[in-house]
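Chemist: Pasting in a structure now, in structure tokens, and then I'll have a few things to ask.
The values are calculated or read from the model by the stated rules, or taken from the named source; none is laboratory data. Computed from a predicted model, the values in this text were never measured in an experiment. Cβ placement follows ideal geometry from the backbone for every residue including glycine, while neighbour counts extend to all protein chains displayed. Accessible surface areas use protein heavy atoms only, side chains included; no ligands, DNA or RNA. Shrake-Rupley method; radii C 1.70, N 1.55, O 1.52, S 1.80 Å.
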Amino acid sequence: MDLQNEVRTRMRVDDIPGHVKLRTAVRKAFFPVRWTLSVFWGAVSRAARGISLVTWCIHVGIDYYRLVYLDYTPEPDDIFVVSYPRSGTTWLQMILYQLTTDGNMDFVHIAEVCPWFERVALNKRDITRLPRPRVFKSHLPRLWIPKGTCRYIYVARDGRDVAVSMYHFYKSHFRYKGDFRRFFKLFMRGWVAWGSWFSHVAGWWKHRDDWNVLFLRYEDMVRNLESCVRKIIDFCGLEVPEERIPEILKRCSFQFMKEHEEKFDYALELMLERGCMPRSFIRKGRPGGWRELFPPEELERFNRQYEKRVKQLGLSFDAPGT
Ligand code: PPS
């Protein structure tokens, strides 16, 4: 007999105390009232969320304009990798990271070494401390990107592939429950994050010949990564030893990035922003670790409460060897 069946057998209806059965019956009888109340409070809750969303948007808007116009000083060697979402931004971040550093993979997440510019307004990161040249990721349309002497590398991807990639991303990261047809309607109206793909790509395409804009296509990067990497090196005026190129191409391959996926995943970026540390949940798994951390005063305080409230009940935690 498996454990679940055993538990079920032991938990017979006769064993349930009478007052619990009565409470359950009353709850069932009042179901219509409870359902109406639940719908009412659901509406109140949604309205409250709406109000706070408006104030949240104002807060983000102010902080974003503070960042662009007051806090951010463009440096001539700053590089922005820009795209409509799901077009190969992370890939470009990795390429730029490999080209501008020794390429070690010691970072926890790519955002650590190549921050998402518009999110800096939210996470209040000090971007003046970043090593030069600074590389930022951005999804901003041409109109909103901070203008300056910096360089912009824009990557565009076939809108049909973007729609599919974004649909899967919405499902995997934002609990989107609709089917592709429904998502596609939103995509075509521009009612998705970062608005219309058509306006975004068209807005940047118009600036493709600007001296500080390099316009790339995701499909060309897939077809010939090396040629795109060399274009980037030329455009940014980087000095990259020839012997490093094969290693860089390997590290920017789909396979390598897939093997290190968590270092690129948006979910981890959000967790880190909130101060969570990955791989710290299942920590040490042994008793007695308190000895390493408890200062005497805190230990005494704990022991006093323990003696008063738990020990007298006969519950003890003093196992040998702990
Ligand atoms: S995001 O969320 O906006 O930052 O996404 P973004 O990084 O712009 O795009 C994600 C898609 O890029 C693909 N990708 C790659 N393709 C080829 N080679 C490499 N190295 C690579 N790295 C990321 C990634 O798989 C996403 O596309 P789909 O079609 O969903 O696989």
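Chemist: Where residues in segment 164-188 are hydrophobic (A, V, I, L, M, F, W, C) and closer than 30 Å to residue 78 by Cα, which of them is farthest from the ligand (Cβ to nearest atom)?
Modeler: Going residue by residue through segment 164-188, those that are hydrophobic (A, V, I, L, M, F, W, C) are 164, 166, 169, 174, 180, 183-184, 186-188.
From what is left, the residues that are closer than 30 Å to residue 78 by Cα are 166, 169.
Working: 166: 8, 169: 6 Å.
Across segment 164-188, the extreme among qualifying residues is 166.
Chemist: Please give the number of the condition residue 222 fails out of (1) in a helix (DSSP H, G or I); (2) open to solvent by less than 50 Å² (accessible area, probe 1.4 Å); (3) within 15 Å of the ligand (Cβ to nearest atom).
Modeler: Answer for residue 222: the failing condition is (2).
Chemist: Related question: Among the listed residues 198, 187, identify the single one that is within 30 Å of residue 210 (Cβ to Cβ) and buried (at least 16 other Cβ atoms within 10 Å of the Cβ).
Modeler: On the way: 198 fails: buried (at least 16 other Cβ atoms within 10 Å of the Cβ).
After applying the criteria, what remains is 187.
Chemist: For residue 168, which of the numbered conditions (1) assigned to a loop (DSSP other than H, G, I, E, B); (2) open to solvent by 60 Å² or more (accessible area, probe 1.4 Å) fails to hold?
Modeler: That leaves (1) as the condition not met.
Chemist: Also, I was wondering about something else. Only residues in segment 255-269 that are on the phi > 0 side of the Ramachandran plot count as the first member; pair them with residues that are open to solvent by 50 Å² or more (accessible area, probe 1.4 Å) and more than 7 Å from the ligand (Cβ to nearest atom), Cβ under 8 angstrom, at least 6 apart or cross-chain, and list the lot.
Modeler: From segment 255-269, no pairs qualify.
Chemist: Another one. In segment 145-163, is there at least one residue being open to solvent by 10 Å² or more (accessible area, probe 1.4 Å), assigned to a helix (DSSP H, G or I), touching a residue at least 12 places away in the same chain (Cβ under 8 Å) and within 10 Å of the ligand (Cβ to nearest atom)?
Modeler: Yes, there is a match, as at least one residue in segment 145-163 is open to solvent by 10 Å² or more (accessible area, probe 1.4 Å), assigned to a helix (DSSP H, G or I), touching a residue at least 12 places away in the same chain (Cβ under 8 Å) and within 10 Å of the ligand (Cβ to nearest atom).
Chemist: Could you tell me whether residue 138 is of a type in the set (Gly, Ala, Ser) and open to solvent by 50 Å² or more (accessible area, probe 1.4 Å)? It would help to see each step written out before you state the result.
Modeler: Values: of a type in the set (Gly, Ala, Ser): yes; open to solvent by 50 Å² or more (accessible area, probe 1.4 Å): no.
The answer is no for residue 138.
Chemist: Can you pull out every residue in segment 28-52 that is in a helix (DSSP H, G or I) and open to solvent by 100 Å² or more (accessible area, probe 1.4 Å)? Even if it seems obvious, please write down each step before you answer.
Modeler: As a first pass, look at segment 28-52 and keep what is in a helix (DSSP H, G or I): 28-29, 31-52.
Scanning segment 28-52 gives 28, 31, 35, 40, 41, 46, 49, 51.
Chemist: Given (1) β-branched (Val, Ile, Thr); (2) closer than 21 Å to residue 161 by Cβ; (3) assigned to a helix (DSSP H, G or I), identify the lone condition not met by residue 233.
Modeler: Unmet condition: (2).
Chemist: All but one of (1) more than 14 Å from the ligand (Cβ to nearest atom); (2) within 22 Å of the chain's Cα centre (by Cα); (3) in a strand (DSSP E or B) hold for residue 191; state the number of the condition that does not hold.
Modeler: Of everything listed in (1) more than 14 Å from the ligand (Cβ to nearest atom); (2) within 22 Å of the chain's Cα centre (by Cα); (3) in a strand (DSSP E or B), residue 191 misses just condition (3).
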